[in-house]
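Here is the structure we will look at, set down as structure tokens.
The values are calculated or read from the model by the stated rules, or taken from the named source; none is laboratory data. Just so we're clear, the structure is a prediction, and the values are computed from it rather than from any experiment. Glycine also receives a Cβ, built like all others from the backbone with ideal geometry; neighbour counts cover every protein chain displayed.
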Amino acid sequence: MNELVSIVVPIYNVEKYLSKCIDSLIDQTYKNLEIILVNDGSTDQSGDIAQQYAKQDSRIRYTVQENQGQGSARNHGIEQAMGKYISFVDSDDTIDLKMIELMMKKMESEDCDIVFCDYERKDACGNTLERYFNPLDSNCIYEPDQQKKVLLVDPVPWNKLFRKSLFQRTNIRFPSRVWYEDLRTIPKLIANAKKIGFIDKPLYFYLQRQGSTMSSKNLSKQEESLQAINDLIHYFKANHLYKTYEKELEFLCIAHVYVFGINRVARIPHSRAMIQKFKEYTVENFPDFHSNPYFSLFTPKEKKFYEWIDHNQIWKIQLGDKVKKEVKKWKKH
């Protein structure tokens, strides 16, 4: 088990966090790495920090592109990668020092195309805010067309290790200059994988900070979740996969448009028309969505949001948001 693993790190204005991220990569117990730092047009000191690391460690390759977004930076890394396997790490996050070693053991012993793990969301002080649990069995190797619920894992690239040939044989890449680029990409890769493995340990640490897709108060950006589901529907139909995964695509729409999408939009002022648009989109594309077999995958909190949205009780989401803000103010004083 000594195949080269390429770790692709898109970088954009993260001078406060970048050193911690790179340290967690160069200190991995699995040593046969190339770390591809892709500077996506940063205007702060991120580029200087990355170049200093590249001078100190021969495994690090530094490259620069004009600002084109995270998806384009990842694609740039894919094209540059020399490794048999590829992992993606966001430049403000960190990983467990054994993450690559453990994923490689699973990848090679089970001949997988993708291996992924649980992750934790952290605040800037390093406190754990939440652990994300995947609804899968770590003792099972998943074949997507047989165990279809594997398509419903969190559609992010950064808690996963991919066989590079999966990108080569499918020609799937991340879209540039869009939001929800992960949702548009990861389910396609999963559907094309032959075997998928899972490690039920939180090996990836995601920094929760302002400015992320999830925290944006921009309605037009949040509306891109509809375009992401459209993208998936089109791809699955064009590649004769839609009938196989119709219920899974339906649940992705329920989760990312109807529940998570409306939950985010409801917290933005003057969002009533957008909320209605999200509801209508779900009904138009999946008229029988209330009978989807995957509702049990929702957490109790997510089920509560679903019920409030379904019963036109959006005010409960908005009230909860106001209470949270007041508690934060009170704690500051």
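Residues of segment 186-213 that are in contact with a helix residue (DSSP H, G or I) (Cβ under 7 Å, 6 or more places away or on another chain) and in a loop (DSSP other than H, G, I, E, B): ALA193, LYS195.
Each row is one residue, and each column tells you yes or no for (1) of a type in the set (Asp, Glu); (2) surrounded by 21 or more Cβ atoms within 10 Å (Cβ to Cβ); (3) closer than 24 Å to PRO175 by Cβ; (4) touching a Cys at 6+ places or on another chain (Cβ under 8 Å).
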| position | (1), (2), (3), (4) |
| --- | --- |
| SER87 | no, yes, yes, no |
| LYS106 | no, no, no, yes |
| ARG121 | no, no, no, no |
| ASN127 | no, no, no, no |
| ASP137 | yes, no, no, no |
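The rows are residues; the columns are (1) aromatic (Phe, Trp, Tyr); (2) under 30 Å from GLU34 (Cβ atoms); (3) exposed (fewer than 12 other Cβ atoms within 10 Å of the Cβ).
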| position | (1), (2), (3) |
| --- | --- |
| LEU102 | no, yes, no |
| SER109 | no, yes, yes |
| PHE116 | yes, yes, no |
| TYR142 | yes, yes, no |
| ASP145 | no, no, no |
| VAL156 | no, yes, no |
| LYS160 | no, yes, no |
| LYS164 | no, yes, no |
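Scanning segment 160-185 for residues that are hydroxyl-bearing (Ser, Thr, Tyr) and in a loop (DSSP other than H, G, I, E, B), which turns out modelled with the highest pLDDT? Filtering first and then ranking leaves THR185.
Scanning segment 10-37 for residues that are assigned to a loop (DSSP other than H, G, I, E, B) and either under 20 Å from the mean Cα position of the chain (by Cα) or not assigned by TED's automatic domain parsing to the domain that holds SER87 (or both) returns TYR12, ASN13, VAL14, TYR17. Segment 71-149 holds strands (runs of 3 or more DSSP E) entirely within its bounds, and those carrying 3 or more residues that are at pLDDT 95 or above map to 85-88, 114-122. Residues in segment 71-92 that are under 14 Å from the mean Cα position of the chain (by Cα) and of a type in the set (Lys, Arg): ARG74 only. Filtered by the rule that a residue be touching a Lys or Arg at 6+ places or on another chain (Cβ under 7 Å) and buried (at least 21 other Cβ atoms within 10 Å of the Cβ), segment 166-194 gives PHE174, TRP179. The condition (being over 30 Å from PRO293 (Cβ atoms) and without any contact (Cβ under 8 Å) to a residue 40 or more places away in the chain) is satisfied by just one residue among GLU108, GLU79: GLU79.
In segment 195-226, of all residues being loosely packed, with under 15 Cβ neighbours inside 10 Å and farther than 16 Å from ASP123 by Cα, the one that is modelled with the lowest pLDDT corresponds to LYS217.
State whether one or more residues within segment 231-245 are in contact (Cβ under 8 Å) with a residue 60 or more places away in the chain, closer than 16 Å to LEU151 by Cα and buried (at least 19 other Cβ atoms within 10 Å of the Cβ). Yes, segment 231-245 contains at least one residue that is in contact (Cβ under 8 Å) with a residue 60 or more places away in the chain, closer than 16 Å to LEU151 by Cα and buried (at least 19 other Cβ atoms within 10 Å of the Cβ).
In the set PHE251, PHE278, PHE298, PHE289, only one residue is at pLDDT below 95, surrounded by 12 or more Cβ atoms within 10 Å (Cβ to Cβ) and among the aromatic types (Phe, Trp, Tyr); that residue is PHE298.
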